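Before any comments, here is the structure.
The values are calculated or read from the model by the stated rules, or taken from the named source; none is laboratory data. Keep in mind that what you see is a predicted model, and the values were worked out from it rather than measured. Note that we place each Cβ from the backbone using ideal geometry, even for glycine, and neighbour counts take in every protein chain shown.
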Amino acid sequence: MDFKIRENREPGGGGRLLREREVHLQLMQQGYNNREASRIAGINPRTGKRWRNGWHSPPTGKPKPPITVQAPTSEPSRYLREADRIHIADRLRPADSR
């Protein structure tokens, strides 16, 4: 993983921890527990728990839902792509009809 803990550890609001949030949630999806994922991402375990479960409902206004990360679909698909199908069809075609 090419993640590096940020050098400036001063509190700075939620907008500055976007990369840490992504890394924490990816680690959680990989099977790490909250404490380990928080340690690797360099955040407080309570922050990781809050990201995973969502914020507590405020006394007024709407409650904030849990944050989810949409993982890119870079894993191999169950189905063949069109280019793969054409390659297989070309290889299966008899040699005399080429």
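Tabulated data
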| read-out | value |
| --- | --- |
| Long-range neighbours under 6 Å by Cβ, at least six apart or interchain, first residue within 12 Å of E22 (Cα to Cα) within region 35-52, second polar (S, T, N, Q) | G48/N34; G48/S38 |
| Top-ranked residue of region 2-34 - restricted to ones that are closer than 22 Å to N53 by Cβ, part of a loop (DSSP other than H, G, I, E, B) and not hydroxyl-bearing (S, T, Y), ranked as modelled with the lowest pLDDT | G13 |
| Criterion violated by S57 - all others in (1) modelled with pLDDT of 80 or more; (2) surrounded by fewer than 14 Cβ atoms within 10 Å (Cβ to Cβ); (3) hydroxyl-bearing (S, T, Y) satisfied | (1) |
